[in-house]
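See structure below.
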Amino acid sequence: MCIAVKSYLYRKVMKNRQRITGTVTYQDLGMGFWGIIDAKGERWRPLHMPEQLRVDGAKVRCTIHVLDDDVSTQMWGRAVKIISFQTPMP
């Protein structure tokens with residue numbers, strides 16, 4: 001693969017990667033799901049919330065990858081994949 005293609009793919013992946021700090025919330029809509037609300041009030045909906053983060057009201061710091069092509073019936077927040085996370089010490 002040429003350097004220009006690798007560079008393009010890297011920029012495309014990194015464009016959708018963000019760091020967020022927020023509060024874990026359980027949404028009792030439909031069958032229920034977990035989400036994260038950041039300090040700006042933006043809602044994030046992890047597709048596979050790690051078991052360690054499934055504590056309503058917990059503060060978390062995450063590196064996420066925004067999934068622009070996700071379609072869901074939940075209609076809450078932006079779909080993301082959690083790349084890494086931390087739970088700040090109290």
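Brief remarks on what is shown
- Listed by chain and number, the aspartates and glutamates whose C-alpha is less than 20 Å from the C-alpha of LYS81, apart from same-chain residues fewer than 8 away, are ASP38, GLU42, GLU51, ASP56, ASP68, ASP69, ASP70.
- Gain on full extension, evaluated as 0.36 nm per residue between GLN18 and TRP76 minus their Cα-Cα distance, stands at 19.0 nm.
- Length gained on full extension, ASP28 to THR87: 18.9 nm, using 0.36 nm per residue less the C-alpha separation.
Read-outs throughout are calculated quantities, based only on the coordinates presented, and are distinct from any laboratory measurement. Note that this is a predicted model, so its numbers are computed, not measured.
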